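Worksheet: one structure, shown below.
The values are calculated or read from the model by the stated rules, or taken from the named source; none is laboratory data. The structure displayed is predicted, hence computed values, not measured ones. Using ideal geometry, Cβ is built from the backbone for each residue, glycine included, and neighbour counts are taken over all protein chains shown.
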Amino acid sequence: EKTDAEFDVTGMTCAACSSRIEKVLNRFDGVETASVNLTTEKATVSYNPNTVSTQEIIKKIRDIGYDATVAG
Ligand code: 9UX
């Protein structure tokens, strides 16, 4: 099973920030693919909702010093 969510990400100031978030999310259990756009400040994450939740994805982003909310 797989679902997509979009997040608004704050706190990124350079391209290393967005690739850092991408790498961390892509290694996170339950995440299939994550792509982070620095310019639009959006993260698109494809994940397995049986394994991981949007709140856990947000916590992971906060743990490395950025902030995120589910885009809506
Ligand atoms: Mo760029 Mo982001 O030097 O924490 S990596 S600002």
Checklist line | Options 59, 23: the member that is charged (D, E, K, R), closer than 19 Å to residue 3 by Cβ and outside any loop (DSSP other than H, G, I, E, B) | finding: 59
Checklist line | Residues (of a type outside the set (Ser, Thr, Tyr) and either farther than 12 Å from residue 6 by Cβ or within 13 Å of the ligand (Cβ to nearest atom) (or both)) located in the stretch 62-72 | finding: 62, 63, 64, 65, 67
Item checked: Residue that is nearest to the ligand (Cβ to nearest atom) [pool: residues in the stretch 1-20 that are within 22 Å of residue 53 (Cβ to Cβ) and assigned to a loop (DSSP other than H, G, I, E, B)] -> 11
Check: Within the stretch 27-56, which residues are surrounded by 14 or more Cβ atoms within 10 Å (Cβ to Cβ) and part of a helix (DSSP H, G or I)?
Finding: 54, 56
Next item on the list: Being charged (D, E, K, R) and under 16 Å from residue 64 (Cα atoms) is the filter here, so list the residues in the stretch 1-28 that pass it.
Entry: 8, 20, 22, 23, 27
Note to self: Need pairs with beta-carbon distance below 8 Å; first residue on the phi > 0 side of the Ramachandran plot and β-branched (Val, Ile, Thr) and within the stretch 54-72, second away from the ligand (no atom under 13 Å from the Cβ) and at pLDDT below 95; sequence gap 6+ or separate chains.
What the structure shows: none
Checklist line | Close pairs (8 angstrom Cβ cut-off, 6 or more residues apart or separate chains): among the acidic types (Asp, Glu) in the stretch 6-34, more than 12 Å from the ligand (Cβ to nearest atom) and outside any strand (DSSP E or B) anywhere | finding: 6/71; 8/41; 8/71; 29/51; 29/52; 32/2; 32/48
Next item on the list: Within the stretch 31-53, track down each residue that is at negative phi, within 16 Å of the ligand (Cβ to nearest atom) and out of contact with any Lys or Arg (no Cβ under 9 Å at 6 or more places or on another chain).
Entry: 37, 38, 39, 43
